[in-house]
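Values quoted throughout were computed directly from the atomic coordinates according to the rules given, and no laboratory measurement underlies them. All values reported here derive from a predicted model rather than from experimental measurement. With ideal geometry, Cβ positions are generated from the backbone for all residues, glycine too; neighbour counts draw on all protein chains shown.
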C-alpha cells in the first residue's frame, strides 16, 4: 500500500478522492431512497401562515385548499380577510412577490373575535353546529348550544344560519396568553427626533 | 480534565469568537440577522451541523488522509465531508422529525457555504485536537456563533424601527453595530 503511494502519489490522491466521493455519493443515494418524503413543503408553509379560520371567505372550502391553490395555480394572495394585511405581507415575503392590498370582494379585515351564543334565546335547531367548520359548537337537537371558546376561530359562519339571531361575535380581550410586547411604532418616530434641519413645524413632524 | 474542556469551550465561545474575533461566517451573520426568529433557526441549525461536521472531518483526516499521507488534500476533502453531512442531516431530519425540519429546514442547505464550518475543521487539525476536543471546539464555536447572531438580530430588529440618519440606514448601520460588537468581544481577550 505505502509502496503504491510513494510510487504514484498523484494516482493515490486521485483514487482517495474519487473513492471518498463515491462513498459519500452512495451514502446520499441510499439516504434519498431510504428517507424519501412526499408532499410539497411550500404548501405547508403557506398553510402555516393562513389563519386557519376555515371560514371559506377566499372562495375555497378551507385554508389548506387555498394554500394549495396559491402554491400550484398562481392564485392571488389577497383573498384572506382574517389574515389581513399582516398575512398578505407574510405570504408576499414567503413567495417573494409584491404585497397587494386585500381584495374587497372577499370581505374586510376585522379584529379577531369569538362567537358567543345567548343561551336563553337558543332554540336548539343545530343549524350553527352544521355550519361550524371546526366543530367548536357543542349541543344537540332541542338542546341549548354553546361555543367552545378555545376552539372557535371567529369565522362568522354560524351567525348567518341562526334563525333567532342569538349569536354574537365578541372581540377577543388581550389575555396573559395572547399578550405580546409591542415594538416601537415606526409612525410615531417623529417624537424621538431631538434635532432637525427643518424650520417649520409640519416638516419637523415628517 | 473538566477544566481543560471548559476552558476550550469558553475560549471558542467568547475569547476566540468565530464571528466577531476571527471574522469567519460573516455572510450568515449579516444575511439572516434581520429577524430574531430566523436568527434562532439559523443558530440551532448551525450548532447541529458544526458539531457533527467537526467530528466527521476529524474522522476523515485521521483515518483516511493521514494514514495515506494525503494531508494536503484536507481542504477539498473537508468541503466534501461538510456538504455530505449537511445534505444527509437534512434528509434524515426531514423524514424523522417534521417539527425539527420546520425549525431548521431552510437553513440547513445554507450552512454548507458557512466558512466557519470549514474553519473549525481546519483549525482542529492545526491545533492537533483529539476527537473529544474537536467535538467541544466545534460545539463551542457554534455556541459563540449562535450567541452573537441572536444578540445581533435582536439589535437589528430595534434598529429597523429606530430613527437612524438617512446615510446610515440599512446595511451601513448594521456594519457599524457589528463593528462595535466586535470591539466589545475583543475585550474578552486574556479571559482564559
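Brief remarks on what is shown
- Residue order, fewest to most beta carbons within 10 Å, for A:60, A:116: A:116, A:60
- Ordered by the count of other Cβ atoms within 10 Å of each Cβ, fewest first, B:26, B:9, B:2, A:22 give B:2, A:22, B:26, B:9.
- Between segment B:150-192 and segment A:71-132, the Cα center-to-center distance that results, in Å: 39
- Segment A:1-110: relative contact order as a whole-number percent, Cα under 8 Å and 6+ apart: 19
- For the protein assembly as shown, the Kirkwood estimate of the hydrodynamic radius, built from every pair of different alpha carbons, is 25.9 Å.
- Degrees between helix B:115-126 axis and first principal axis of chain B (Cα, 0 to 90, nearest 10): 40
- Helix B:171-186 vs. chain B, principal-axis angle (Cα, 0 to 90°, nearest 10): 60
- From the alpha carbon centroid of segment A:133-165 to that of segment A:12-29 is 63 Å.
- Top of B:171, B:83, B:45 by mean-square fluctuation, Gaussian network on chain B, Cα under 10 Å: B:171
- Axis angle, to the nearest 10 degrees, between helix B:74-96 and the longest C-alpha principal axis of chain B: 70 degrees.
- Choice from B:160, B:56, B:141 showing the highest fluctuation, given a GNM over chain B with Cα pairs closer than 10 Å: B:160
- For segment B:1-113: rounded, prolate or oblate by the Cα gyration tensor [a/c cutoff 1.5]: oblate
- In chain B, the calculated helix contribution to ellipticity at 222 nm averages -22500 deg cm²/dmol per residue, counting -39,500 (n - 2.57) for every DSSP H run with n ≥ 4.
- Taking segment A:75-185 and dividing mean pair separation by its residue count, relative contact order in percent (alpha carbons under 8 Å, at least six apart): 25
- Reported to the nearest whole Å, the Cα centre-to-centre distance from segment B:99-143 to segment B:61-91 is 13.
- Taking other C-beta atoms within 10 angstrom as a stand-in for reagent exposure, A:15, B:143, B:183 fall in the order B:183, A:15, B:143, fewest first.
- Global form of segment A:49-117, assessed from the alpha-carbon gyration tensor, a/c cut-off 1.5: prolate
- Two numbers describe the Cα atoms of chain B: Rg and Dmax, which are 17.4, 60 Å.
- For segment A:125-165, the square roots a ≥ b ≥ c of the C-alpha gyration tensor eigenvalues yield an a/c of 1.5 or more together with a/b not exceeding b/c, which makes the shape oblate.
- Relative contact order (%) - chain B, alpha-carbon pairs under 8 angstrom, separation at least six: 43
- For chain B, a Gaussian network of Cα nodes joined below 10 Å ranks B:155, B:44, B:175 by mean-square fluctuation, and the top entry is B:175.
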